[in-house]
1. From the mean inverse distance of alpha carbon pairs (Kirkwood) and the Cα radius of gyration, derive Rg over Rh for the range 89-134.
2. Using label points projected 7 Å from each Cα along Cα→Cβ, tell me how many nm separate LEU193 and ASN58, to one decimal.
3. Considering only ASN147, SER119, THR191, whose Cα is most displaced toward the positive end of the charge dipole of the range 102-192, charges sitting on Cβ of Lys, Arg (+1) and Asp, Glu (-1)?
4. Along each principal axis of its Cα atoms, how long is the range 92-203 end to end? Whole angstroms, biggest number first, please.
5. Rounded to two decimals, what ratio of Rg to Rh does the range 117-169 give with C-alpha atoms and a Kirkwood Rh?
6. Please give the FRET efficiency for LEU114 paired with THR35, using the beta carbon to beta carbon distance and R0 = 25 Å, rounded to the nearest 0.05.
7. Sort the following peptides by mean Cβ neighbour count (other Cβ atoms within 10 Å, averaged over residues), highest first: 144-151, 155-162, 196-203.
8. Put a dot 7 Å past each Cα toward the Cβ at ARG125 and ALA164; how far apart are the dots in nm?
Amino acid sequence: MSCRHYTAIALLLLAGIVATPTANAQAFCALRDPTSQIYRLYPQATSYRSIVRSVDANARARLAAELPFSIHSREVGKHTLYLALRDGVPLGLVHVRSEPSDWGLVEIAWSIGLDMRISGFAFQRCRGRGCPDVESVDFQTLLQHRNLDGARALLTPAADHLSAALAWHDPASERLAVTVARSAVKTLAITDLIWGPELVALR
């Protein structure tokens, strides 16, 4: 085998080694198909742009102090917020979070208004029988127009159960609903902390 072949193999191996941490770091905020998901959440959009910012250790500590549950260590790093546009005019935001569940990671694409209230969400990955129930119109309606405090009100103070007013017949659906409600709280908190100043300018 020639030196050129050895060099090519070495470069490929090096690329694989370098790429792995990046892929892992982005796993908690990756939008698999931006065009499809953004236009699904904002059918009237004509374009979009992304705003990449870093969640560093200091920001993670501030979030941990504010939230009633822990933030995974892999959620430190670069995160992308998508801004949906119609003819250049901002419509709203799309922020993706990945959350652990009974059936592996659940990937949730959140639609957030410029007023920092939830517009809706879509699963880009969800396994288990509770997924259709939680993504239903009823639960979407329950979440819509809620700000951070409103999203917190869906959960008990420890954020480990839904508030007493919310009853689910299926335990699996209820556990997933808790996961989604916690994700809503975290998503709003992170979005405001990391991108807040820029979003004020867009309103």
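Any read-out appearing in this document is the output of simple, stated calculations on the displayed coordinates, not a laboratory observation. These numbers were taken from a predicted model, which means no experiment stands behind them. With ideal geometry, Cβ positions are generated from the backbone for all residues, glycine too; neighbour counts draw on all protein chains shown.
1. Reported Rg/Rh (Cα atoms, Kirkwood Rh): 1.06.
2. Once both label points are built, they end up 1.3 nm from each other.
3. The listed residue farthest towards the positive side: THR191.
4. 43, 28, 24
5. Details: Rg = 11.7 Å, Rh = 12.1 Å.
Answer for the range 117-169: 0.96.
6. On the way: r = 21 Å, r/R0 = 0.84.
It comes out at approximately 0.75.
7. Details: 144-151: 16.0, 155-162: 13.9, 196-203: 11.1.
Ranking the peptides 144-151, 155-162, 196-203 by packing returns 144-151, 155-162, 196-203.
8. With each label placed 7 Å out from Cα toward Cβ, I get 3.8 nm.
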